[in-house]
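Please read the structure below before turning to the comments.
The values are calculated or read from the model by the stated rules, or taken from the named source; none is laboratory data. Computed from a predicted model, the values in this text were never measured in an experiment. Neighbour counts run over all protein chains shown; Cβ positions are idealised from the backbone, glycine included. Note: areas computed on protein heavy atoms with side chains; ligands, DNA, RNA excluded. Shrake-Rupley method; radii C 1.70, N 1.55, O 1.52, S 1.80 Å.
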Amino acid sequence: MHPAPSVILFTVLSGTGYGMLFLLGYGAATRLLPPDMRFGIAAFAMAIVFITVGLLASLFHLGHPERAWRALSQWRSSWLSREGLLAVATYLPTAPFAIAWSFFGLNAGIPAVSGAIAGLLAAATVFATSKIYATLKPIQQWHNSWVTPGYLVIALMSGALWLNVLLQWRGLSRPTIAFIAAGAAAVGLAIKICYWRSIDTTPARSTPESATGLGAIGRVRLLESPHTQDNYLLREMGYRVARKHSWRLRRIALSFGFFVPCVLAGLTAAFTGKLATWTALAAALSAGLGILVERWLFFAEARHTVTLYYGHRNS
Amino acid sequence: MGLVIDLDICVGCHACAVNCKEWNTGGHSAPLPDHDPYGADAWGVWFNRVHSFEAGEGADGRTVHFPKSCLHCEQPACVTVCPTGASYKRAEDGIVLVNADTCIGCKLCSWACPYGAREFDRDEGVMKKCTLCIDRIYNENLEESARVPACVSTCPVGARHFGDLGDAASPVSRLVAERGGYDLMPELGYQPVNKYLPPRAPKRHAGSTGSPAQLKPADEDLSGAGLMLRWVDRLLSR
């Protein structure tokens, strides 16, 4: 699948923002996070900017951005519609919660409840994003049970890493947040390894033989393409990444996206002062780079069954 | 309603694809864009494309021309993934259509279609697809015999059939039953309405004409030839 920058940016940025919001919601309700005005303002601003910029980036992917509101209508069948509704709904409890908690230090009663609801909606939005991909049967690399856990854990990890940066910056070190980040990175690492092992070893469900129904005659190969130049289908879905590049990029994604953040986030629990802040920042930036590569690969390694009609064999 | 495509008969002339383009660039989803059509990087939207495949090896191998358009599936994931409801399947005839006035151009339907039936019109920012020529098959301004999809009307060899595949007694349904018509990628469960008829088994015998199945070389036996001819044969065979 063509790795469109707008969609990669959307899933990475909004995933990070929703991860932050999830932790803020439950961190405030359980009093894990301290009601500190500067931390609160910075954390909510960052989460909302990440989410909003991500959502706007996804609009650039549309042929008619001005009609985007129509996408809220088909929630009964479409995960994309559900994602849109959940994304909009998440803003509603976030606003009172952010104001009450940041400016008035309220972490009980209605602010705490709205924070918990915002956290739940944030998690549900990331879940819906992952289901858009995981329910597409023509793309075996997405129709895979590791996809949804991957999206959820990466969002949690990215959110925890940035909250850790802000906490360290304000001198409000909370080892629990650092450990959540490190733990999510370790789980994320394991999930991605399982995911790649799964897509590498699962035989292709559909083949040129099943796509044409000519398997009874023998092995099927393309003699002549219907057109001489790439059409929409090949530009959108015919993207292929060379296997040797794929392996190198997987190693980059695993190292920068999960291993380095896991170690550095763990270390911030032991460090204090500026060293802790810079270490936390390095962990978050490393993860950001690694997850961009991971998300690029998620698209570039995905193979659509339409390519079977163009001489590809998706195994 | 749907199509039955006979892969035994199709000669791969692309007339169906061309007539489809011609009709539909003035029809329900008009226009179908073309960019740089005679240049090095031609790009355009087509609803019907003819692929050519080779299947099998050697004398058992076949060249099969394979027209492919929307299969108007019974389980159209392109419709269920659509966030706006612009993609829909009509209850009365099962035709899958796109409402160009409400499509937001998110392209998700084209990802959800395993067959590549949908192509994005980047000029209009909306998705386009085969309409089964709804503007022909119900068009009372056309003669009754012309009320078939453009691809069917133009096929010079009669490889394309149009009819009611929901009615087991219809001519197309009977054709599918007789010839062992099949679904593309049945493993994905989309239950396409359009069916493909497999190429018939190759003929190994010449049948009732009395001709030999294979011609024998006539020049192997030189015993009856004279000295001169044998000498010429040796000279030419060197």
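Please work out if A:G290 is within 17 Å of A:A186 (Cα to Cα), surrounded by 23 or more Cβ atoms within 10 Å (Cβ to Cβ) and more than 14 Å from chain B (Cβ to nearest Cβ). Explain how you work it out, then say what you get.
Working: within 17 Å of A:A186 (Cα to Cα): yes; surrounded by 23 or more Cβ atoms within 10 Å (Cβ to Cβ): yes; more than 14 Å from chain B (Cβ to nearest Cβ): yes.
Yes, satisfied.
Of all residues being part of a loop (DSSP other than H, G, I, E, B) and closer than 19 Å to B:N24 by Cα in the range B:68-85, which is farthest from the other protein chains (Cβ to nearest Cβ)? Just the residue, please.
Quick first cut of the range B:68-85, residues part of a loop (DSSP other than H, G, I, E, B) only: B:69-76, B:81-85.
Narrowing further to those that are closer than 19 Å to B:N24 by Cα: B:69-72.
Details: B:S69: 11, B:C70: 13, B:L71: 12, B:H72: 17 Å.
Step by step, filter the range B:68-85, then rank; the result is B:H72.
Yes or no, residue by residue, for (1) away from every other protein chain (no Cβ under 14 Å); (2) within 27 Å of A:N144 (Cβ to Cβ); (3) crowded, with 19+ Cβ neighbours inside 10 Å; (4) not hydroxyl-bearing (S, T, Y):
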site	(1), (2), (3), (4)
A:A204	no, yes, no, yes
A:Q229	no, no, no, yes
A:V260	yes, yes, yes, yes
A:L264	yes, no, yes, yes
A:T268	yes, no, yes, no
A:A276	yes, no, yes, yes
A:A282	yes, no, no, yes
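Do we find that A:K131 is within 14 Å of chain B (Cβ to nearest Cβ) and either part of a helix (DSSP H, G or I) or among the small types (G, A, S) (or both) in this structure?
yes
So which residues in the range A:100-142 are under 30 Å from B:A77 (Cβ atoms) and either touching a strand residue (DSSP E or B) at 6+ places or on another chain (Cβ under 8 Å) or aromatic (F, W, Y) (or both)? Give the derivation first.
Here is the first cut: in the range A:100-142, the residues under 30 Å from B:A77 (Cβ atoms) are A:120-142.
Once the filter is applied, which keeps residues that are under 30 Å from B:A77 (Cβ atoms) and either touching a strand residue (DSSP E or B) at 6+ places or on another chain (Cβ under 8 Å) or aromatic (F, W, Y) (or both), the range A:100-142 yields A:F127, A:Y133, A:P138, A:I139, A:W142.
List pairs: first residue in the range A:265-287 and assigned to a loop (DSSP other than H, G, I, E, B), second residue open to solvent by less than 60 Å² (accessible area, probe 1.4 Å) and among the hydrophobic types (A, V, I, L, M, F, W, C) anywhere in the structure, Cβ distance under 6 angstrom, at least six positions apart or on different chains.
Within 6 Å, the pairs are A:A269/A:A178.
Please tell me if A:F97 is away from chain B (no Cβ under 14 Å), out of contact with any strand residue (DSSP E or B) (no Cβ under 6 Å at 6 or more places or on another chain), part of a helix (DSSP H, G or I) and farther than 26 Å from A:R303 by Cβ.
Working: away from chain B (no Cβ under 14 Å): yes; out of contact with any strand residue (DSSP E or B) (no Cβ under 6 Å at 6 or more places or on another chain): yes; part of a helix (DSSP H, G or I): yes; farther than 26 Å from A:R303 by Cβ: yes.
Taking the combined requirement at face value, the residue satisfies it.
If you scan the range B:211-235, which residues turn out to be modelled with pLDDT of 80 or more and open to solvent by less than 100 Å² (accessible area, probe 1.4 Å)? Don't jump to the end; show me each part of the working.
Kept after step one, since they are modelled with pLDDT of 80 or more, are these residues of the range B:211-235: B:226-235.
Passing the criteria: B:G226, B:V232, B:D233, B:L235.
Please count how many residues of the range B:183-194 are open to solvent by 40 Å² or more (accessible area, probe 1.4 Å) and either touching a Pro at 6+ places or on another chain (Cβ under 7 Å) or touching a residue at least 12 places away in the same chain (Cβ under 8 Å) (or both). So that I can check it myself, show each step before the final result.
Step one: of the range B:183-194, the residues open to solvent by 40 Å² or more (accessible area, probe 1.4 Å) are B:183, B:186-187, B:191.
Remaining after also requiring either touching a Pro at 6+ places or on another chain (Cβ under 7 Å) or touching a residue at least 12 places away in the same chain (Cβ under 8 Å) (or both): B:183, B:191.
Residues that pass the stated criteria total 2.
Does B:V176 meet the test of being part of a helix (DSSP H, G or I), among the aliphatic types (A, V, I, L, M) and at pLDDT below 90? Walk me through it before giving the result.
Working: part of a helix (DSSP H, G or I): yes; among the aliphatic types (A, V, I, L, M): yes; at pLDDT below 90: no.
Considered against the rule, which asks whether it is part of a helix (DSSP H, G or I), among the aliphatic types (A, V, I, L, M) and at pLDDT below 90, B:V176 comes out as no.
Can you name the condition, by its number, that B:T102 falls short on among (1) more than 28 Å from B:C10 (Cβ to Cβ); (2) within 7 Å of another protein chain (Cβ to nearest Cβ); (3) hydroxyl-bearing (S, T, Y); (4) surrounded by 24 or more Cβ atoms within 10 Å (Cβ to Cβ)?
Checking B:T102 against (1) more than 28 Å from B:C10 (Cβ to Cβ); (2) within 7 Å of another protein chain (Cβ to nearest Cβ); (3) hydroxyl-bearing (S, T, Y); (4) surrounded by 24 or more Cβ atoms within 10 Å (Cβ to Cβ), the one that fails is (4).
Name the residues in the range B:143-167 that are assigned to a loop (DSSP other than H, G, I, E, B) and closer than 17 Å to B:A30 by Cβ, would you? Before you say what the answer is, go through the steps one by one.
Within the range B:143-167, the subset assigned to a loop (DSSP other than H, G, I, E, B) is B:143, B:147-149, B:155-159, B:164-167.
Scanning the range B:143-167 gives a single hit, B:P149.
Just give me the residues in the range A:52-76 being free of Cβ contacts under 8 Å to residues at least 40 places away in the same chain, touching a Ser or Thr at 6+ places or on another chain (Cβ under 8 Å) and open to solvent by less than 50 Å² (accessible area, probe 1.4 Å), in sequence order.
A:R67, A:A71
Would you mention how many residues in the range A:165-205 are in a loop (DSSP other than H, G, I, E, B) and either free of Cβ contacts under 8 Å to residues at least 12 places away in the same chain or charged (D, E, K, R) (or both)? Give the derivation first.
The first filter runs over the range A:165-205 and keeps only residues in a loop (DSSP other than H, G, I, E, B), leaving A:170-174, A:202-205.
Retained after the next criterion (residues that are either free of Cβ contacts under 8 Å to residues at least 12 places away in the same chain or charged (D, E, K, R) (or both)): A:170, A:174, A:205.
The number of residues fulfilling the criteria is 3.
Select from the range A:58-78 the residues that are at the interface with another protein chain (Cβ under 7 Å from one of its Cβ atoms) and in a helix (DSSP H, G or I) and list them in ascending order.
Residues satisfying the conditions are A:R67, A:A68, A:R70, A:A71.
Quick one: is A:W75 of a type in the set (F, W, Y), over 19 Å from the mean Cα position of the chain (by Cα) and modelled with pLDDT of 95 or more? Talk me through it step by step, then tell me what you get.
Numbers: of a type in the set (F, W, Y): yes; over 19 Å from the mean Cα position of the chain (by Cα): yes; modelled with pLDDT of 95 or more: yes.
Spelling it out, A:W75 is indeed of a type in the set (F, W, Y), over 19 Å from the mean Cα position of the chain (by Cα) and modelled with pLDDT of 95 or more.
For the range B:32-53, give me each residue that is touching a residue at least 12 places away in the same chain (Cβ under 8 Å) and open to solvent by 20 Å² or more (accessible area, probe 1.4 Å).
Just the residues of the range B:32-53 that are touching a residue at least 12 places away in the same chain (Cβ under 8 Å), to begin with: B:32-33, B:44-53.
B:W46, B:R49, listed by residue number.
Select from the range B:105-125 the residues that are in contact with a Ser or Thr (Cβ under 6 Å, 6 or more places away or on another chain) and either open to solvent by less than 10 Å² (accessible area, probe 1.4 Å) or farther than 11 Å from B:V79 by Cβ (or both) and list them in ascending order.
Here is the first cut: in the range B:105-125, the residues in contact with a Ser or Thr (Cβ under 6 Å, 6 or more places away or on another chain) are B:109, B:114, B:118.
Matches in the range B:105-125: B:P114, B:R118.
Would a scan of the range B:152-160 turn up a residue that is in contact (Cβ under 8 Å) with a residue 24 or more places away in the chain and within 14 Å of chain A (Cβ to nearest Cβ)?
First, pick out the residues of the range B:152-160 that are in contact (Cβ under 8 Å) with a residue 24 or more places away in the chain: B:152-160.
Okay, now just the ones that are also within 14 Å of chain A (Cβ to nearest Cβ), so none.
Within the range B:152-160, not a single residue is in contact (Cβ under 8 Å) with a residue 24 or more places away in the chain and within 14 Å of chain A (Cβ to nearest Cβ).
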